[in-house]
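Below is one structure, written out as structure tokens; the observations come after it.
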Amino acid sequence: MGRLRAAQYACSLLGYALQKHGASPELQKQIRQLEGHLSLGRKLLRLGNSADALESAKRAVHLSDVVLRFCITVSHLNRALYFACDNVLWAGKSGLAPRVDQEKWAQRSFRYYLFSLIMNLSRDAYEIRLLMEQETSSYSRRLKVSGIGVPGGVETGGSRGPGTPGGCLPQLALKFRLHILLLARVLRGHPPLLLDLVRNTCDLFIPLDKLGLWRCGPGIVGLCGLISSILSILTLICPWLRLK
């Protein structure tokens with residue numbers, strides 16, 4: 001499945017590149033047809049995915065963390081609806097249900113896909129926040145054990161008072177820099193979370209473009225879809241990279 005998806009978005013990116021470089025209309029048409037066949041093949045292979053998504057939602061309901069339970073359950077429910085719409089689209093494109101309004105069902109499909117991705121990104125943001133808080137607490141404990149205090153300049157702005165002109169901005173800049181460094185440290189130490197965040201972010205551009213919320217163009221959509229597909233294949237090859 002991941003290889004088919006990668007091939008489909010590679011065709012989308014190739015078609016965009018051929019169009020930009022003035023390739024022959026016949027070659028562009030062949031690439032579009034290949035992309036359409038790959039898309040239809042993926043829809044055929046996803047016929048049973050709605051049931052799998054519902055089962056995953058049932059399991060997520062029992063998670064102890066309220067935020068994770070909500071994000072993961074809602075994500076799986078939206079994925080189930082997304083796959084159901086995808087099945088209707090497959091029936092229409094394959095000729096089994098020729099009267100299906102494919103445009104309407106495609107829009108519904110991408111809306112559910114977008115909601116699912118928003119929940120996935122919310123889950124990623126929540127887990128990042130928890131890890132950053134753990135890292136900060138651990139660092140504070142190490143400082144207490146070693147007998148080193150927190151520098152007064154970081155917390156209070158040093159000798160400058162809160163009302164001193166120019167004292168607030170450097171302090172905010174320092175805190176922002178420390179947060180960025182902490183975020184980089186957390187993501188570097190948790191590759192599955194980093195890969196999941198990058199993959200969901202790349203996937204987000206696809207429904208945004210298809211729904212007309214943010215027109216990225218076929219080139220960006222193809223590139224983001226290809227990157228996301230490669231990361232998905234990577235998590236299959238290396239299961240330890242999959243976010244649990």
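The values are calculated or read from the model by the stated rules, or taken from the named source; none is laboratory data. Not measured: the values here are computed from a predicted model. Please note: Cβ atoms are built from the backbone with ideal geometry, for glycine as well, and neighbour counts cover all protein chains shown. Ligands, DNA and RNA are excluded from the accessible area calculation, which covers all protein heavy atoms including side chains. Shrake-Rupley method; radii C 1.70, N 1.55, O 1.52, S 1.80 Å.
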Using a 4.7 Å cut-off between beta carbons, which cysteines in the chain end up with no partner cysteine at all? CYS11, CYS71, CYS85, CYS168, CYS216, CYS238
Which whole-number percentage describes the relative contact order of the range 83-140, with Cα contacts under 8 Å and a sequence gap of 6 or more? 25 percent
Expressed as a rounded percentage, what relative contact order does the chain have, with Cα pairs under 8 Å and six or more residues apart? 24 percent
Please give the net charge around LEU181, taking every other residue with its beta carbon less than 13 angstrom from that of LEU181, where Lys and Arg add +1 and Asp and Glu add -1. +3
Accessible-area composition of the range 4-128, carbon plus sulfur, in percent [1.4 Å probe]: 61 percent
Considering only protein heavy atoms, what is the solvent-accessible area of ILE237 at a probe of 1.4 Å, reported in Å² to the nearest 10? 120 Å²
For the range 163-244, with all protein chains present and a 1.4 Å probe, just round the carbon and sulfur fraction of the accessible area to a whole percent. 74 percent
Taking a straight Cα-to-Cα line shorter than 19 Å from LYS93, and setting aside same-chain lysines fewer than 8 residues away, one finds LYS29, LYS43, LYS104, LYS210
Sorted by accessible surface (1.4 Å probe, heavy atoms of the protein chains only), largest first, PHE83, PHE70 come out as PHE70, PHE83
Which sequence of ASP52, ASP209 reflects their accessible areas, 1.4 Å probe, from the largest down? ASP52, ASP209
Using 0.36 nm times the number of residues separating LEU54 and SER140, minus their current alpha carbon distance, what extension gain do you get? 26.7 nm
Post the alpha-carbon centroid distance, the range 173-193 to the range 52-83, in whole angstrom. 28 Å
Taking the Cα centre of the chain as the origin, how large is its charge dipole in debye, to the nearest 20, when only Lys and Arg (+1) and Asp and Glu (-1) carry charge on their Cβ atoms? 100 debye
Rounded if a/c under 1.5, otherwise prolate or oblate - the range 1-145, Cα gyration tensor axes: oblate
Based on the alpha-carbon gyration tensor of the range 17-67 and its eigenvalue square roots a ≥ b ≥ c, which shape applies: rounded if a/c is under 1.5, prolate if not and a/b is larger than b/c, or oblate? oblate
List the lysines whose Cα lies under 25 Å from the Cα of LYS175, skipping any in the same chain that are fewer than 8 positions away. LYS144
Quick check on the chain: helices-only [θ] at 222 nm, where DSSP H runs of length 4 and up contribute -39,500 (n - 2.57) each and the sum goes over total residues. Nearest 500, please. -27500 deg cm²/dmol
Please calculate the 1.4 Å probe accessible area of SER24, with all protein chains present, and give it to the nearest 10 Å². 60 Å²
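Which whole DSSP H helices in the chain pass both tests: a Cα extent of 15 Å or more along the axis and a mean Kyte-Doolittle value no lower than 0.5?
66-94, 168-189, 218-237
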